[in-house]
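Visitor: The structure that follows is given in the form of structure tokens.
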Amino acid sequence: MGRLVVILVVVGLLAFVSGQVDEVLKWQKVEYDVPASVLQAENGYIPIGNIPMGAVHYKNRVFVAVARRRWGIPSTLNVVDIAPPFPNTNVVLKPYPNFALNELRADLQPDANRIVTVYRPRVDRCDRLWFVDTGMMEIPGNFTVVQRPSIWSIDLKTNEPIHRFEIPKEAVETGYGLTSITVDVDPDDCEKVFVYISDLQTYRMVVYDYVNRRAWRFLHNYFFLNPLEGDYRIQGINFAWDDGIFSIALSNPDPVTKFRTAYFHALSSNSEFTVSTKVLRNETASQRGYHGTDFQLLGYRGGKSQSSIHAFDPETGVIFFALIQQNAISCWDTNKPFAPQNMAIVYKNDQNIVYPNDLSIDQEGYVWFMTNSIIKLLYSELKLDEFNFFVWRANIKQVIKNTVCDPTVPPNVQMAQRFGDSDNNDRITFYEYKDKHGPGGGPFGGWGHGPKGGRRS
């Protein structure tokens, strides 16, 4: 009887933790609504290489990005329609806004009317979809710069592209490493836009001024990885990554200055940093060799709290983090001191969250997050008869209710924690796991090794 009570308690706790979260989409493998001739062509469609890297919601549509990091990816930017009952299973991806924009030229020559690789698109309050086309085919052993990286926006009401800006070489050498985009739209004017792009490869932040059609980049030590926090253990596998600045989240505008606080972090780091958008919007400031105190250390998230993407909810003032080592989503109320004790896990799923690779907040009060099992692909085996890719959503007010992230709940500690603990608990023993080769080189589908050993993002 005692054992039964324990089991019931555990089940009850699990239900409490995950009951507020909806599993909206899940796939065993990604398939596309494209001409049959494309699927049947040599290297037209190879299922194992099609790994979703981003998902963002807009009015019962989810836009799904599949980066071209293998041959056999018919379309990089796609859309699916969703409808209850959830989850919607193995939904076929439709190229967005059409296949012509996504189709590669046979000669892989530059074409301003096509896109090559998209990672994490974003929707703004003015019904536009923004994304970066890296312009690259990131095939292991055959990295190809097809065209210059570019910033795009598409009108979601008409499904028509409305803007393309080619990022100049002065701002970024190539598109390799441009894997997340954050859009800063003026609250009163949809034409006043700044875009912030993380460059995890060269440890820089790219800024785009939409009004003046200019781009520049910032370099700062805070964009680098923390070498003490680049070791990981996921799914029982030990490995090391060196990814730098990975995600940028924006606060609400200051009521007086009208500028926002940009929260940012490297992937291989447990720390969070801040800078005012007043600084980022200043092209002259980007040319300085020393930034003084403009960039600030906010604090420490806790051991093994490396985060891929994070996002700010403008209604509650809460930031959500996708924690890749903990297979979880956490939260922090920005009105409380930044310390692990003032953060809460709102969802954890050790079975299905295998590398939470994207997270965003929609205009309906939901946080959305995706996991893509890339760890299995890189270091073990991705089985296409199992469910590998998931998209969840959670009502923000419900999922934070009665946690320390709830604005009505007092903080657990009154002082921020700036650094890790004295016992060096971030460290794990590193054992090197080699990638297994994928199609054209072996059975398991690892990405192989590109520049600097290949990128996972």
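Visitor: Modelled label-to-label distance, Q414 and F143, 7 Å Cα→beta-carbon offset: nm?
Guide: Spacing of the two 7 Å Cα→Cβ label points: 5.1 nm.
Visitor: Might you report the magnitude of the Cβ-based charge dipole of the range 351-398 about its Cα centre, with Lys and Arg at +1 and Asp and Glu at -1, to the nearest 20 debye?
Guide: Using only the charged Cβ atoms, the result is roughly 120 debye.
Visitor: Another question, then. Just reorder C331, C126 by solvent-accessible area, largest first, 1.4 Å probe, all chains present.
Guide: The ranking, largest first, comes out as C126, C331.
Visitor: At 7 Å along Cα-to-Cβ for each site, give me the label-to-label distance between D186 and R288 in nm.
Guide: Computed distance between label sites D186 and R288 equals 2.5 nm.
Visitor: Which is farthest toward the positive dipole end of the chain among P85, L39, A339, measuring Cα position about the Cα centre, with Cβ charges +1 (Lys, Arg) and -1 (Asp, Glu)?
Guide: A339
Visitor: Next question. Place a +1 charge on the Cβ of each Lys and Arg in the range 244-363 and a -1 charge on the Cβ of each Asp and Glu, then give the dipole magnitude about the Cα centre in debye, rounded to the nearest 20.
Guide: 280 debye
Visitor: How high is the FRET efficiency between L228 and E173 when r is their beta carbon distance and R₀ equals 22 Å, given to the nearest 0.05?
Guide: The computed FRET efficiency comes out at 0.20.
Visitor: Quantify, in whole percent, the carbon and sulfur part of the accessible surface of the chain (1.4 Å probe; protein heavy atoms only).
Guide: Its accessible area is 51 percent carbon and sulfur atoms.
Visitor: Right, next: Between beta-carbons, use under 13 Å as the cut-off and find the net charge around F224, counting Lys and Arg +1, Asp and Glu -1.
Guide: Net local charge, F224 excluded: -3.
Visitor: Near the amide H of D243, under 5 Å away, which other amide H atoms are found, from residues 5 or more places off or on another chain, if H is placed in the peptide plane?
Guide: Amide H neighbours of D243: S268.
Visitor: In the range 268-304, which residues have a backbone nitrogen under 11 Å from the label point lying 7 Å from D209's Cα in the Cα-to-Cβ direction?
Guide: Correct set: 281-286.
Visitor: Along the charge dipole of the range 119-205, Cβ charges K/R +1 and D/E -1, which of F165, S180, C190 sits furthest on the positive end?
Guide: So the residue furthest toward the plus end is S180.
Visitor: OK, next. Rounded to whole Å, give me the distance from the Cα center of the range 348-402 to that of the range 180-217.
Guide: 26 Å
Visitor: Solvent-accessible area of K192, probe 1.4 Å, all protein chains present, reported in Å² to the nearest ten, please.
Guide: Its accessible surface works out to 110 Å², give or take rounding.
Visitor: Tell me whether the range 335-421 comes out rounded, prolate or oblate; compute the Cα gyration tensor, take square roots of the eigenvalues as a ≥ b ≥ c, and use a/c under 1.5 as the rounded threshold.
Guide: oblate
Visitor: While we're on this one: At 1.4 Å probe size, with every protein chain present, just tell me what the per residue accessible area of the chain comes to in Å².
Guide: With the other protein chains kept in place, the chain gives 42 Å² per residue.
Visitor: Where a Cα-Cα gap under 30 Å defines reach, which lysines qualify for K26, not counting those fewer than 8 residues away within the same chain?
Guide: K26 reaches K59, K94, K157, K304, K348, K376, K383, K397, K401, K434, K436.
Visitor: For a Förster distance of 35 Å, can you work out the FRET efficiency between the beta-carbons of D254 and Q351, rounded to the nearest 0.05?
Guide: 0.25
Visitor: Could you please put I197, I162 in sequence from largest to smallest accessible area, using a 1.4 Å probe?
Guide: So the residues, ranked largest to smallest area, are I162, I197.
Visitor: Using a/c under 1.5 as the rounded threshold, could you call the range 148-243 rounded, prolate or oblate? The axes a ≥ b ≥ c are square roots of the C-alpha gyration tensor eigenvalues, and prolate needs a/b larger than b/c, oblate otherwise.
Guide: Judged from the Cα gyration tensor, the range 148-243 comes out prolate (a/c at least 1.5, a/b above b/c).
Visitor: Are there any GluC sites (Glu not before Pro) in the range 130-188 that are in a DSSP loop and have at most 12 other Cβ atoms within 10 Å? List them by number.
Guide: Counting only loop positions with at most 12 other Cβ atoms within 10 Å, the GluC sites (Glu not before Pro) in the range 130-188 are E170.
Visitor: Once you have the Cα-Cα distance between Q363 and N335, take 0.36 nm times their residue separation minus that, and quote the gain in nm to one decimal.
Guide: 8.0 nm
Visitor: Let me ask another. Considering only C-alpha atoms, what is the centroid distance from the range 135-149 to the range 267-317, in Å?
Guide: Spelled out, the Cα-based centre of one part sits 29 Å from the other.
Visitor: Right, here's the next one. Given Cβ point charges of +1 (Lys, Arg) and -1 (Asp, Glu) and nothing else, what value in debye, to the nearest 20, does the dipole of the chain about its Cα centre take?
Guide: 340 debye
Visitor: Please work out whether the chain counts as rounded, prolate or oblate from its C-alpha gyration tensor, where a ≥ b ≥ c are the square roots of the eigenvalues and a/c under 1.5 means rounded, while otherwise a/b larger than b/c means prolate and anything else oblate?
Guide: Taking the square roots of the gyration eigenvalues as a ≥ b ≥ c, the chain is rounded.
Visitor: Ok, one more. Using r as the Cβ-Cβ distance of A100 and D127, and R0 as 25 Å, what FRET efficiency do you calculate, to the nearest 0.05?
Guide: 0.65
Visitor: Test of understanding: what is the full-extension gain from Q296 to E315, defined as 0.36 nm times their sequence separation minus their Cα-Cα distance?
Guide: Full extension of this stretch gives 4.4 nm more.
The values are calculated or read from the model by the stated rules, or taken from the named source; none is laboratory data. From a predicted model like this one, the values you see are computed outputs, not experimental measurements. All Cβ positions, glycine included, derive from the backbone under ideal geometry; neighbour counts span all protein chains shown. What goes into the accessible areas is simple: the full protein's heavy atoms, side chains included, and nothing from ligands, DNA or RNA. Shrake-Rupley method; radii C 1.70, N 1.55, O 1.52, S 1.80 Å.
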